Amino acid sequence: MREKVLIVDDEREIADLVTLYLENEGFQVFKCYSGPDAMCVISREQLDLAILDVMLPGIDGLEICRRIREKHNYPVIMLTARGEETDKITGLTLGADDYMTKPFLPLELVARVKAQLRRYKRYNTAGERDEDVFEISGLLLNSRTHECFLNEKPLSLTPTEFSILRILCAKKGQVVSAEELFHLIWEDEYYTKNNNTITVHIRHLREKMGDSFENPKYIKTVWGCGYKIEG
């Protein structure tokens, strides 16, 4: 069955071009030019990934991302205007997994779509090659079922947040740099090192876990080195 990808952009040339490239790679593409039309597709279809422009008529991409995260955990890639750092950080905070700045190369976007879907499938498929279950001080993470609990209460994590937490749990007691996290999560030649992306995801993870930045119980920052979880 072909994987279903939603592309939402009011710049029709961009939406049409991205659709062409994705369909050439075998994806089933749902193309929308406005926020309300996108919400209809999201409610109707079982999507595998969404690509959302930030600036959209009717309902903007950030709000669509927020609504997606209320019910779904499939990957979301945001498209932002050049230099709009606030939009990038807001999108990641609302649950987006990645962003691309316009103008971009369609082949790079296709590569990122494939990377996100590989990772999403890996953590939603039984039979993990890595250790399946991690238990650390009231934190329970199950790679096989893609579930996470803190003190027996479920944590709703995006695929990227889950991946970061799983890597830190698997490397318990070890310091993992932002660069290493980036490589382990995306594993793609098109990705450049972007510490800010990891920093925002770590901050959002801490917020969901009720972990303080100054005196964290779980995810600790080792200044100049990276992050670690200690048991």
Cross-chain or 6+ apart pairs with Cβ under 8 Å, region 212-229 first and outside any strand (DSSP E or B), then acidic (Asp, Glu): LYS217/ASP211; TYR218/ASP211
Hits in region 1-37 - residues which are crowded, with 18+ Cβ neighbours inside 10 Å and part of a strand (DSSP E or B): VAL5, LEU6, ILE7, VAL8, VAL29, PHE30, LYS31, CYS32
Could you pull out the residue among LYS172, LYS193 that is in contact with a Phe, Trp or Tyr (Cβ under 9 Å, 6 or more places away or on another chain) and either at pLDDT below 80 or not assigned by TED's automatic domain parsing to the domain that holds CYS225 (or both)? LYS193
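The values are calculated or read from the model by the stated rules, or taken from the named source; none is laboratory data. For clarity, every value in this text was computed on a predicted model and none was experimentally measured. Backbone-built Cβ (ideal geometry, glycine too); neighbour counts: all protein chains shown.
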